[in-house]
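To start, the structure itself, in structure tokens.
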Amino acid sequence: METTGQRQPRIAVFDSGVGGLTVVAAAHAALPGLHVRFLGDTARLPYGSKSASTVERYALQATAHLARGDIDALVVACNTASACALPALRAMYPFPVLGVIDPGAQQAVLASVSGHIGVIGTERTVASGAYAEAIAKLRPDAVVHAKATPLLVSLAEEGWFDHPATEAALQTYLGPFLSDPDVSKIDTLVLGCTHYPVFKPLLSQVLRQALGRDIALVDSAQAVTQQLIDLFPQAQQGQGQIELYATDSLDRFARVGGLFFPVYRAQLGLVDL
Ligand code: DGL
């Protein structure tokens, strides 16, 4: 409920697809008073296999649309777009632009004792070296082991969070990766893609099988939410509106998005960038 004279903060959240709803869900749980306008660029997903300049252009277009409303901050929920577009976005807009890589790196450094930190993400995120750079700034002696796991995005967009095909994909990606003696020292794994938190239970199981122990999983949705709490503590109370937009296939977005977030509570719409 808005109190007279006090405007509830409004944020925009942007991702390449439904995965960014993990950020909306985490932000809404912690800050129910926040108004959230989300855009999933479903027409152009995946971003992770595209060049940095294309991803930057897409992110600028999406933000131009979201910033038409009156917003107090933008969350670039997409790790790939965070790796490619933050400097351009920050140069262009007056409001805070939060990416997911620095918060994820901070959580990883807090969680890791051994200093061996794994990162999984899209091809573009891994190729950018953005996590290694962000982690090195916080803990120069940390060793980052990064692995591209792009197929997981399609499996999340399919809603296959706990499916034999997803288990096989995780084993195929992570089995050989973790069998490297140096990589096997990791005690923390950053889920460097907003689509991945939905795989946490299955991922923990596959990691336990491969390593014979549990390791910490860092989720960018949780990490960036902490920053939002610091920016907008007043939104811990109240009831904000949630608007969810997609650039294509709204029915599909609502159906699969419903596995990430109770979309029936939100206003839904299709936009053309
Ligand atoms: N959700 C995006 C990310 O966090 C990746 C999905 C894609 O490839 O578009 O990196």
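Pick from the range 84-98 the residues that are touching a residue at least 40 places away in the same chain (Cβ under 8 Å) and buried (at least 16 other Cβ atoms within 10 Å of the Cβ): which of them is nearest to the ligand (Cβ to nearest atom)? The extreme case among them is Cys84. Tell me, yes or no, whether the range 169-180 has at least one residue that is more than 16 Å from the ligand (Cβ to nearest atom), exposed (fewer than 13 other Cβ atoms within 10 Å of the Cβ), among the charged types (D, E, K, R) and at pLDDT 95 or above. Within the range 169-180, one or more residues are more than 16 Å from the ligand (Cβ to nearest atom), exposed (fewer than 13 other Cβ atoms within 10 Å of the Cβ), among the charged types (D, E, K, R) and at pLDDT 95 or above. Checked against (1) within 22 Å of Val18 (Cβ to Cβ); (2) within 14 Å of the ligand (Cβ to nearest atom); (3) assigned to a helix (DSSP H, G or I), Val218 passes all but condition (3). Scanning the range 7-17 for any residue that is modelled with pLDDT under 95 and out of contact with any helix residue (DSSP H, G or I) (no Cβ under 9 Å at 6 or more places or on another chain) turns up at least one such residue.
Looking across the range 181-201, the residues that are outside any loop (DSSP other than H, G, I, E, B) and crowded, with 17+ Cβ neighbours inside 10 Å come down to Val183, Thr188, Leu189, Val190, Leu191, Gly192, Tyr196, Pro197, Val198, Phe199. Of Ala108, Ala127, Ala134, all but one fail to be away from the ligand (no atom under 11 Å from the Cβ), without any contact (Cβ under 8 Å) to a residue 40 or more places away in the chain, outside any strand (DSSP E or B) and open to solvent by less than 40 Å² (accessible area, probe 1.4 Å); the exception is Ala134. Scan the range 42-63 and give yes if some residue there is in a loop (DSSP other than H, G, I, E, B), within 16 Å of the ligand (Cβ to nearest atom) and in contact with a strand residue (DSSP E or B) (Cβ under 7 Å, 6 or more places away or on another chain), otherwise no. Taking every residue of the range 42-63 in turn, at least one turns out to be in a loop (DSSP other than H, G, I, E, B), within 16 Å of the ligand (Cβ to nearest atom) and in contact with a strand residue (DSSP E or B) (Cβ under 7 Å, 6 or more places away or on another chain).
The values are calculated or read from the model by the stated rules, or taken from the named source; none is laboratory data. The model shown is predicted, which means the values in this text are computed figures rather than measured ones. As a convention, Cβ positions derive from the backbone with ideal geometry for all residues, glycine included, and neighbour counts pool all protein chains shown. Accessible surface is based on the protein model in full, side chains and every heavy atom, while ligands, DNA and RNA are left aside. Shrake-Rupley method; radii C 1.70, N 1.55, O 1.52, S 1.80 Å.
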